[in-house]
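Enquirer: Before anything else, here's the structure in question.
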Amino acid sequence: MRSLVLACVGVFLFGCETTKPEPIEAPQIFTHFKPSYSAPSELKTPQSTKTNLRITPPKNTKNKIITPPAKTTDLWQHIANNLHFPIEQNKALKKRINWYLQQPDYLQVMSKRAAPYLYHIVKKVEQQQLPIELALLPFVESGFRPTAHSSQQAVGVWQLVGATAHHFGVKSDQWYDGRQDVLAATDAALAYLSYLYKRFDGNWLHALAAYNSGEGRVKRAIKQNKKHGKSTDYWSLKLPQETADYVPKLLALSYLVKHPQQGFKRPKLAYKALTTHMNVGQQFDFSIIAKLSGVGSKQLHALNQGYLKNQSSPNGPHTLLLPIEQQALLNSSFFKTNFAGEYIVKQNDTLYSIARRFGMPLSTLKQLNNKQNNLIGIGEKLLVGQPKTLPESLTIDYKISPYLEHQEVVIATLEVDYEVQPGDTLWSISQLYNVPHSDLAKWNKLSASSMLKPGIQLVLFIPQAEKPQVTTIKKDLLLDLQKTLNQPR
């Protein structure tokens, strides 16, 4: 197996860092800005104490025209462009903004930890049509530490307790804790937040408070305020101090990401996936996957901290996050050997027509085949992203571990992003990549009839490509042939 060409995804920091203690008195926030500073419209002094932070619930996506987001090359800029929670000026918010300003490198450090996962989290939030602010919650919850544990037994970047994680489908056993699996925990956390949003009648501040301290506690606080004729908005509720600080932490961080001020640096991060999913399909050993992929075992464990041992559980999951971005993936021998099909050039073919046939940009086809120009010859073999059939799994194919030999064969898959081209439909893309139409729609949270706009990103899970079939010739057949050839003419 040739070595995998990898893209560098930055430094992953999982240790704790020392932070400055919060001031007892809430200092004046505007002392950190230039004298000419005036607060933008998003930071308003409330005319009344009532705050109803509501966002229209997600609509049915059937027959919906999916439009691409505004183009940007920076993920943090994309997040900033899509932050929409109204933010009101008050003492709690000023205190928290000032706390962030006293630690100007705070978000830079957090962004390095989040780099392998943040693109995927943002994509999951947007696919579910949830507020982009939710993508910032792991920074508030845990400082984006996958192994963070709280005194209340909450675990992971989303700080999920065992019962909540289990209810929303996160697996946990002696082999694996899905709360430490960043993307598995993201699915559960977003499902829980969506549930709370509905339970609190579309009020995101109430839902966020309930995520932190529990649904029952927030409902009791609302009931008490109603009983005494008080406002039931978040700011008026009597909540534990941690919960009272929780929402201001998120709103203050959102405000500074959208309006970075002097003394606070907004990070820069490429707006693309820096990691890709590989579904091995069955129980695997980290050291063997490291050898096959060219990724060090230590780095694999750092990216996949949901796995508690050097093997995955016999009962799954068997999905790994690999530290490789799209361009390096397409160039890698690992992808070309295991996940890319072949096409033989025919008369009148051009690189452009072949790229269109297989639903990929011309630049991607050239990159995959190390082409510096558009010249091709009849009979030439080109690598394309279309596997032919579903053969043996990657692990069985390479016989990576003796205890895997007798297990059920499941096909290995690799996650690949696809940018929609003019004229593309879900059906045409599914046919080009030889994947089920219904699966393609399901992977992208779309209905089977959704219409696509050029430029949007879709995700596909490409199965392992077909291996050449070797015909075994029986020994007795060879002997018969030899006898025939030796007979006198």
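The values are calculated or read from the model by the stated rules, or taken from the named source; none is laboratory data. Quantities reported herein were computed from a predicted structural model and do not represent experimental measurements. Neighbour counts are summed over all protein chains in view; Cβ atoms, including those assigned to glycine, are modelled from backbone coordinates with ideal geometry. Just so you know, the surface numbers come from the protein's heavy atoms only, side chains and all, with ligands and any DNA or RNA stripped out. Shrake-Rupley method; radii C 1.70, N 1.55, O 1.52, S 1.80 Å.
Enquirer: Using a probe of 1.4 angstrom, how much of the accessible area of the stretch 87-244 is carbon and sulfur, in percent? Let's see the in-between values first.
Expert: Values: 2990 of 6240 Å².
C and S fraction of accessible area: 48 percent.
Enquirer: Right, here's the next one. May I ask for the net charge around ALA252, where only other residues with Cβ less than 9 Å from the Cβ of ALA252 are counted and Lys, Arg are +1 while Asp, Glu are -1?
Expert: Numbers: positive: LYS94, LYS95, ARG96, LYS249; negative: none.
Neighbour charge sum, excluding ALA252 itself: +4.
Enquirer: Between ARG217 and GLU342, what length in nm is gained on full extension when 0.36 nm per residue of separation is reduced by their alpha carbon distance?
Expert: On the way: separation 125, 0.36 × 125 = 45.00 nm, distance 5.93 nm.
So the extension gain works out to 39.1 nm.
Enquirer: To continue, here is another question. Quick one: net charge around PRO267, please, counting Lys, Arg +1 and Asp, Glu -1 for every other residue with C-beta under 12 Å from its C-beta.
Expert: It works out to a net charge of +3.
Enquirer: Across the stretch 425-431, in residue order, what do the Karplus-derived ³J(HN,Hα) couplings come to in whole Hz, using 6.51 cos²θ - 1.76 cosθ + 1.60 with θ = phi - 60° and x for Gly and Pro?
Expert: 10, 4, 5, 5, 5, 5, 5
Enquirer: Here is a follow-up. Amide H of ALA270: which non-local residues (sequence gap of 5 or more, or other chain) have their own amide H closer than 5 Å, using H built in the peptide plane?
Expert: The answer is LEU75.
Enquirer: Taking the Cα centre of each part, how many Å lie between the stretch 171-205 and the stretch 356-385?
Expert: Answer, in whole Å: 42.
Enquirer: Once amide H atoms are built 1.01 Å from N in the peptide plane, which residues 5 or more positions from TYR176, or in another chain, come under 5 Å H to H?
Expert: LEU308
Enquirer: At what distance in nm do the modelled label points of ASP439 and THR147 sit from each other, each positioned 7 Å from its Cα along Cα→Cβ?
Expert: 3.5 nm
Enquirer: Then there is this: Tell me, what ³J(HN,Hα) does each residue in the stretch 311-317 have, in order and in whole Hz, if you take phi through Karplus 6.51 cos²θ - 1.76 cosθ + 1.60 with θ = phi - 60° and put x for Gly and Pro?
Expert: Result, ordered by residue: 10, 7, 5, x, 9, x, x Hz.
Enquirer: Distance in nm between label sites at SER449 and ASN370, each 7 Å beyond Cα in the beta-carbon direction?
Expert: 4.9 nm
Enquirer: Could you compute how much accessible surface ARG356 exposes when probed at 1.4 Å, giving the result in Å² to the nearest 10?
Expert: Probe radius 1.4 Å; accessible area of ARG356 about 90 Å².
Enquirer: Of LYS71/LYS249; LYS112/LYS268; LYS238/LYS258; LYS91/LYS238; LYS272/LYS381, which pairs sit farther than 18 Å apart, going by alpha carbon to alpha carbon?
Expert: In this structure, LYS71/LYS249; LYS238/LYS258; LYS272/LYS381 exceed 18 Å between Cα atoms.
Enquirer: Looking only at Cα atoms, what is the convex hull volume of the stretch 78-119 per residue, in Å³?
Expert: Dividing the Cα hull volume of the stretch 78-119 by its residue count gives 93 Å³.
Enquirer: Another question, if that's okay. So how do LEU375, LEU382 rank on accessible area, 1.4 Å probe, biggest first, that is with the largest at the start?
Expert: Numbers: LEU375 125, LEU382 0 Å².
Output order, biggest surface exposure first: LEU375, LEU382.
Enquirer: Let me ask something else. Under a plain spin-label model, where a point goes 7 Å from the Cα along Cα-to-Cβ, how far apart in nm are HIS301 and GLN129?
Expert: It is 4.4 nm.
Enquirer: Over the Cα atoms of the stretch 134-289, what radius of gyration and what Dmax do you get, in Å?
Expert: Spelled out, the Cα radius of gyration and Dmax of the stretch 134-289 are 18.2, 65 Å.
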